[in-house]
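> Below you'll find the structure I mean.
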Amino acid sequence: MNLDEITSQIMADERNRSYTERGIPPIFQIHEKARILLIGQAPGKKVEQSLIPFHDQSGNTLMQWMGIDPETFYSDQIAIMPMDFYYPGKGKTGDLPPRAFMAQEYHEKLLRLMPDIQVTILIGSYSIRYYLGKCVKRNLTETVRNYAEYLPDFFPIVHPSPLNVRWQKNNPWFYAEVVPELQKIVSKVL
């Protein structure tokens, strides 16, 4: 299957009808030449409006953490494949979780289109739990702190959301140790 066929399949999926009827395509950035893959949670409301992955404050922070500019971030060297390709809606304390079937049914098909991925950056607890499975530490903080155990294939990080500012302040080692290593790996791969 090629990207157009997979995209059509996603849009034809009955569970995505409310998005398709509003003219919203799956929001991702898939390139067969990509060397870095970002797997986050799901597009937010602002991204749903622009249809550009990480086109929000979280994306700006993520680019800073990776040490790259928007031109590189949105180039064919970077793929973005969230756990859900659509905005799942608002919950009591933030956005609703990504719908599980999206990753289960479509990630493998999309991954086959990107044979040159050298590192996958797992952003936030949903992608970390899904891709690291039993290798996850007792919590997100410990998993991110021990990022080196998952290299060279995966690099787990917290979500760059403004809602995580307190976590970032409480864990200064993230900026001191993890971010510089992330920048080093991104620079090396690119």
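> If I ask for residues that are among the aromatic types (Phe, Trp, Tyr), under 21 Å from residue 35 (Cα atoms) and either assigned to a helix (DSSP H, G or I) or open to solvent by 30 Å² or more (accessible area, probe 1.4 Å) (or both), which ones from region 154-188 would you list?
Of the residues in region 154-188, the ones among the aromatic types (Phe, Trp, Tyr) are 154-155, 167, 173-175.
Still in the running and under 21 Å from residue 35 (Cα atoms): 154-155.
Correct list: 154 only.
> Looking only at region 29-54, how many residues end up being of a type in the set (A, V, I, L, M, F, W, C), outside any loop (DSSP other than H, G, I, E, B) and in contact with a strand residue (DSSP E or B) (Cβ under 9 Å, 6 or more places away or on another chain)?
Number of matching residues: 4.
> Here's a follow-up. How many residues are at pLDDT 95 or above and surrounded by fewer than 22 Cβ atoms within 10 Å (Cβ to Cβ) when one looks only at region 74-89?
Final tally of qualifying residues: 5.
> Continuing with this model, one more query. Could you count how many residues in region 1-16 are among the charged types (D, E, K, R) and closer than 17 Å to residue 43 by Cβ? Spell out how you get there, then give the answer.
Going residue by residue through region 1-16, those that are among the charged types (D, E, K, R) are 4-5, 13-15.
Applying the additional criterion that residues be closer than 17 Å to residue 43 by Cβ yields 13, 15.
Total satisfying the criteria: 2.
> Which one of the conditions (1) modelled with pLDDT under 95; (2) over 27 Å from residue 13 (Cα atoms) does residue 96 fail to meet, given that it meets all the rest?
Against the list (1) modelled with pLDDT under 95; (2) over 27 Å from residue 13 (Cα atoms), residue 96 comes up short only on (2).
> Do you know which of the residues in region 109-153 that are without any contact (Cβ under 8 Å) to a residue 60 or more places away in the chain, β-branched (Val, Ile, Thr) and touching a Lys or Arg at 6+ places or on another chain (Cβ under 9 Å) is most open to solvent (accessible area, probe 1.4 Å)?
Per the criteria, the residue is 136.
> Tally up the residues in region 13-58 that are without any contact (Cβ under 8 Å) to a residue 12 or more places away in the chain and open to solvent by 80 Å² or more (accessible area, probe 1.4 Å), please.
7
> I need a count of the residues in region 74-95 that are within 15 Å of residue 119 (Cβ to Cβ) and under 13 Å from the mean Cα position of the chain (by Cα).
4
> Which of the numbered conditions does residue 61 fail, given that it passes all the others? Conditions: (1) of a type outside the set (A, V, I, L, M); (2) in contact with a helix residue (DSSP H, G or I) (Cβ under 9 Å, 6 or more places away or on another chain); (3) open to solvent by 30 Å² or more (accessible area, probe 1.4 Å); (4) assigned to a helix (DSSP H, G or I).
For residue 61, the exception is condition (3).
> Also: Return yes or no: is residue 168 out of contact with any strand residue (DSSP E or B) (no Cβ under 9 Å at 6 or more places or on another chain), touching a residue at least 24 places away in the same chain (Cβ under 8 Å) and among the polar types (S, T, N, Q)? Can you show your working first?
Numbers: out of contact with any strand residue (DSSP E or B) (no Cβ under 9 Å at 6 or more places or on another chain): yes; touching a residue at least 24 places away in the same chain (Cβ under 8 Å): no; among the polar types (S, T, N, Q): yes.
It is false that residue 168 is out of contact with any strand residue (DSSP E or B) (no Cβ under 9 Å at 6 or more places or on another chain), touching a residue at least 24 places away in the same chain (Cβ under 8 Å) and among the polar types (S, T, N, Q).
The values are calculated or read from the model by the stated rules, or taken from the named source; none is laboratory data. Predicted model, so just to flag it, every value in this text is computed and none were measured. As a convention, Cβ positions derive from the backbone with ideal geometry for all residues, glycine included, and neighbour counts pool all protein chains shown. Quick note on the areas: whole protein, heavy atoms, side chains included, nothing else; ligands and nucleic acids left out. Shrake-Rupley method; radii C 1.70, N 1.55, O 1.52, S 1.80 Å.
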